[in-house]
Amino acid sequence: MPRPAKVAVIPIYNEAPTVVGVLNEVARRVDRVIAVDDGSTDDTPELLREWKKGRRNVSVIRLPRNVGMAGALKRGFQEAERLLKRRVLHPQDILINIDADGQHRSEYIPDIVAFMEKGRWDIVLTRRDFSKYPLYKKWGNRLLSRVARLLSGHRYHDVESGFRFMRARVVSGLLDYFTGWRYSCAQEIALITALAGFRVDNTYVVKIAYYRPGTTIWDGVIVLLMSLYTFVRVKLGWKVR
């Protein structure tokens, strides 16, 4: 069987200072890029248009308004599903979620793909080295990971990590239940895929280039509520499409 293609799915919002550098680094290590501009209001749209020129296997999707990280990822997954149905992608190809702000190190990609292939994982959710994170962030992540573990039955260590690798075949089942609402993406994806029986690993430790603040305690409360809502929906078969 030929090696799986690597497809980066990158949500982007007002990342003009970093986006071109990140795209250049990622493009060197993958076979296709799906970039989703989440209604940026800075120079990001123009930078994306210029970067795409002359490049093959690049999809740049411009959302008319900001829908948040989860909504942008959902649109990227929908594009991957479209390519899968057209047989541009193979079910065993690997989708890579990576942020456009430079906090995720693209040099990890080859090693994580090899780790994924060796373990025959459907999903590898990286586990961050939290040495650069404040104490409240560490404890908040620990709480959310414990909730995900309790609801899904899977041993999550860092459920909120956004540096994620998954087989293309996972996307259709995920989109059946994925709402893509604001910051809920990490918990939703973790719960939906684990409850669906996909083989998930959350042990591969990565160093993050820097800590980017922004989320609040209220965001954490919303994620907890969305976790319960997602669990109920999946258990009762309440699909969103």
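Data overview
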read-out: Hey, Gly39 in a loop (DSSP other than H, G, I, E, B) and open to solvent by less than 20 Å² (accessible area, probe 1.4 Å) or not; value: yes
read-out: Test: residue in the range 76-83 that is touching a helix residue (DSSP H, G or I) at 6+ places or on another chain (Cβ under 7 Å) and at positive phi; value: no
read-out: Scope the range 191-218; condition among the charged types (D, E, K, R) and either closer than 14 Å to Val159 by Cβ or modelled with pLDDT of 85 or more (or both); matching residues; value: Arg199, Asp201, Lys207
read-out: Filtered residues of the range 56-71 (kept if modelled with pLDDT of 95 or more and closer than 20 Å to Val26 by Cα); value: Asn57, Val58, Ser59, Val60, Ile61, Arg62
read-out: Extreme residue, farthest from Ser227 (Cα to Cα), among residues of the range 150-159 that are open to solvent by less than 40 Å² (accessible area, probe 1.4 Å) and not in a loop (DSSP other than H, G, I, E, B); value: Ser152
read-out: Residues being modelled with pLDDT of 95 or more and touching a Leu at 6+ places or on another chain (Cβ under 7 Å) - total across the range 171-189; value: 2
read-out: Among (1) open to solvent by 20 Å² or more (accessible area, probe 1.4 Å); (2) part of a helix (DSSP H, G or I), the one test that Arg87 misses; value: (2)
read-out: Flag for Gln92 being open to solvent by 20 Å² or more (accessible area, probe 1.4 Å), modelled with pLDDT under 95 and of a type in the set (S, T, N, Q); value: no
read-out: Test: residue in the range 6-20 that is open to solvent by 50 Å² or more (accessible area, probe 1.4 Å) and assigned to a loop (DSSP other than H, G, I, E, B); value: yes
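One line per residue, one yes/no per condition, for (1) surrounded by fewer than 21 Cβ atoms within 10 Å (Cβ to Cβ); (2) in a helix (DSSP H, G or I):
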site: Gly102; (1), (2): yes, no
site: Glu107; (1), (2): yes, yes
site: Pro110; (1), (2): yes, yes
site: Ala114; (1), (2): yes, yes
site: Val124; (1), (2): no, no
site: Ser131; (1), (2): yes, yes
site: Lys138; (1), (2): yes, yes
site: Ala148; (1), (2): no, yes
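The values are calculated or read from the model by the stated rules, or taken from the named source; none is laboratory data. These figures come from a predicted structure and were not determined experimentally. In this analysis, Cβ positions are derived from the backbone assuming ideal geometry, glycine residues included, and neighbour counts consider all displayed protein chains. Accessible surface areas use protein heavy atoms only, side chains included; no ligands, DNA or RNA. Shrake-Rupley method; radii C 1.70, N 1.55, O 1.52, S 1.80 Å.
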